[in-house]
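Participant: Sharing a structure below in structure tokens format, with a few things to ask.
The values are calculated or read from the model by the stated rules, or taken from the named source; none is laboratory data. Quantities reported herein were computed from a predicted structural model and do not represent experimental measurements. Cβ placement follows ideal geometry from the backbone for every residue including glycine, while neighbour counts extend to all protein chains displayed.
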Amino acid sequence: MLKCVVAEDEALLRESLVQLLGQVWPELEIVAACEDGGSALEAIAAHQPDVAFLDIRMPGLSGLEVASAVLDAGFKTEVVFVTAYDQYAIDAFERGAVDYLLKPVSRERLAGTAGRLRERLQRGGQDAGQLQALLQQLSAIAPPQPKAPPLVWLTASRGQETRLILVDDVSYFQADSKYTVVMTADGESLLRKPIRDLLEVLDPSMFKQVHRSTIVNLRAVAGVTRDESGRGTLRLKNRPETLAVSQPFMALFRNM
């Protein structure tokens, strides 16, 4: 049985896509249905599926960043982008010979995509060079996603004390059940917000996921090393502990 990962941050659209896939491609096993890019990348690394349906715009890592990391890690996964982009980007998809689905996804369009994927899998999969070229083109033409200004301050608790913390002073965030641990040079505090919500309000150029439970401040990173398996370790400037980086997330630190 072929394996598939679905990544879509809108719950109703995600459930609809999973349901439609069950109808048009019943032999395809959905091994993970993810709500953000970091979870999708971890699921792809864990299951190495035959196919991944990636929403282009998700909290944290975008679908383009996930696909790029998948290429960098050498996984043989067919990528299908799910998008609400206008015609200018659809032209790029057509020239890149990579499958895409427009929202809302129709049963007929998905059935056609499933048929093309079956044929391509039988031929040995899509061309990695074509996918890489498309990713570069889409990254250049995609309009910035409108967002509120990045978070500057946050309120967190340490015991009975409520602390006001400058976001630039945070070394990293660590998921803790429904809450998030905030690590700074002088210790840890507890933020009553799940880590997924932070992905939407942090500056994406400075805060990066290293796996689904950890977001690191690049300003706090002293160095990164890679072992023989491709996994990485981050050394921090103001904290004694190190942070593990799983292999697919190492693509984010390629230039460090």
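Participant: Being touching a Cys at 6+ places or on another chain (Cβ under 7 Å) and acidic (Asp, Glu) narrows it down to one residue among 29, 35, 78; which is it? Working first, answer last.
Facilitator: Values: 35 fails: touching a Cys at 6+ places or on another chain (Cβ under 7 Å); 78 fails: touching a Cys at 6+ places or on another chain (Cβ under 7 Å).
Exactly one of 29, 35, 78 is touching a Cys at 6+ places or on another chain (Cβ under 7 Å) and acidic (Asp, Glu), namely 29.
Participant: Looking at (1) surrounded by 15 or more Cβ atoms within 10 Å (Cβ to Cβ); (2) modelled with pLDDT of 80 or more; (3) of a type in the set (Gly, Ala, Ser), which is the one condition that is false for residue 133?
Facilitator: Among (1) surrounded by 15 or more Cβ atoms within 10 Å (Cβ to Cβ); (2) modelled with pLDDT of 80 or more; (3) of a type in the set (Gly, Ala, Ser), the lone unmet condition for residue 133 is (2).
Participant: Consider residue 206 carefully, then state whether it is closer than 17 Å to residue 41 by Cβ and in contact with a helix residue (DSSP H, G or I) (Cβ under 9 Å, 6 or more places away or on another chain). It would help to see each step written out before you state the result.
Facilitator: Details: closer than 17 Å to residue 41 by Cβ: no; in contact with a helix residue (DSSP H, G or I) (Cβ under 9 Å, 6 or more places away or on another chain): yes.
In short, no.
Participant: Search the range 106-132 for residues that are under 11 Å from residue 78 (Cβ atoms) and pair each with any residue that is modelled with pLDDT under 85 and assigned to a loop (DSSP other than H, G, I, E, B) when their beta-carbon atoms are under 6 Å apart and the residues are at least 6 apart or on different chains.
Facilitator: Taking only residues 6 or more apart or on different chains, the pairs are 113/99; 120/126; 131/98.
Participant: Restricted to the range 168-188, and to residues that are of a type in the set (S, T, N, Q) and not in a loop (DSSP other than H, G, I, E, B), which residue is surrounded by the most Cβ atoms within 10 Å (Cβ to Cβ)?
Facilitator: 180
Participant: Also, quick follow-up: Could we say that residue 196 is under 25 Å from residue 34 (Cα atoms), of a type in the set (Lys, Arg) and either part of a loop (DSSP other than H, G, I, E, B) or out of contact with any Leu (no Cβ under 7 Å at 6 or more places or on another chain) (or both) here?
Facilitator: Values: under 25 Å from residue 34 (Cα atoms): yes; of a type in the set (Lys, Arg): yes; either part of a loop (DSSP other than H, G, I, E, B) or out of contact with any Leu (no Cβ under 7 Å at 6 or more places or on another chain) (or both): yes.
Answer is yes for this residue.
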